[in-house]
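Enquirer: Structure below; questions to follow.
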Amino acid sequence: MSAIGSLIFCNDCGNLLDESSGDPTKLIVCSICGARNRDIVPKTIVSESKASAFPSTLRAKRSAVQNLTAADKRTEALTQHTCARCGRKEMYFTTVQLRSADEGSTVFYTCVCGYKETQNN
């Protein structure tokens, strides 16, 4: 009988055996092939490794302090919408679900000139 973690398998057919009682004097009979397997205590293997054992360019870029630029903080998308104040043809927008789920979302438009507009869909 072989054990992988807490799973115990039959030596003859490889079938998953019933749960171990932990008593090595008892036998577990395989329900598929009928082979008698000694009951052994499953072995738990714990392995540890250091982060340096697996070098990663992503991990090397990561630090405790992140420096964000204004472009990193901007979560809005750019769309074709004319600004009522300056006439610019493109405005940034973001959508938020402010009302109940069966109603439309609210669209917030922002122009580079500072003008803000709200539209309920």
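The values are calculated or read from the model by the stated rules, or taken from the named source; none is laboratory data. All values derive from a computational prediction rather than experimental measurement. So basically every Cβ, Gly included, is an ideal-geometry build from the backbone, and we count neighbours across all protein chains shown. Note: areas computed on protein heavy atoms with side chains; ligands, DNA, RNA excluded. Shrake-Rupley method; radii C 1.70, N 1.55, O 1.52, S 1.80 Å.
Enquirer: Output the residues belonging to the stretch 62-94 that are in contact (Cβ under 8 Å) with a residue 24 or more places away in the chain and charged (D, E, K, R).
Expert: Across the stretch 62-94, the qualifying residues are Glu76, Arg85, Arg88.
Enquirer: Here's something else I'd like to know. Any residue in the stretch 20-42 that's farther than 15 Å from Cys10 by Cβ: show its pairings with residues that are of a type in the set (Ser, Thr, Tyr) and surrounded by 12 or more Cβ atoms within 10 Å (Cβ to Cβ) at Cβ separation under 8 Å, as long as the two are six or more apart or on different chains.
Expert: From the stretch 20-42, the pairs are Val41/Ser20.
Enquirer: A further question follows. Would you pick out the residues in the stretch 100-118 that are surrounded by 12 or more Cβ atoms within 10 Å (Cβ to Cβ) and within 33 Å of the chain's Cα centre (by Cα)?
Expert: Gly104, Ser105, Thr106, Val107, Phe108, Tyr109, Thr110
Enquirer: Can you find a residue in the stretch 13-24 that is open to solvent by 100 Å² or more (accessible area, probe 1.4 Å) and not assigned by the TED database to the domain that holds Cys113?
Expert: Yes, there is a match, as at least one residue in the stretch 13-24 is open to solvent by 100 Å² or more (accessible area, probe 1.4 Å) and not assigned by the TED database to the domain that holds Cys113.
Enquirer: Something else about it: Could you check, for the stretch 40-49, whether at least one of its residues is outside the structural domain of Leu17 (by the TED database) and not in a loop (DSSP other than H, G, I, E, B)?
Expert: No: the stretch 40-49 contains no residue that is outside the structural domain of Leu17 (by the TED database) and not in a loop (DSSP other than H, G, I, E, B).
Enquirer: Looking at the stretch 86-98, which of its residues are surrounded by 12 or more Cβ atoms within 10 Å (Cβ to Cβ) and of a type in the set (D, E, K, R)?
Expert: Arg88, Glu90
Enquirer: Somewhere in the stretch 53-76, is a residue at pLDDT 85 or above, surrounded by 12 or more Cβ atoms within 10 Å (Cβ to Cβ) and among the basic types (Lys, Arg)?
Expert: Initial filter on the stretch 53-76 (at pLDDT 85 or above): 76.
After this cut, where a residue has to be surrounded by 12 or more Cβ atoms within 10 Å (Cβ to Cβ) as well, the list is 76.
In the following step, the residues that additionally are among the basic types (Lys, Arg) were identified as none.
Scanning the stretch 53-76 turns up no residue that is at pLDDT 85 or above, surrounded by 12 or more Cβ atoms within 10 Å (Cβ to Cβ) and among the basic types (Lys, Arg).
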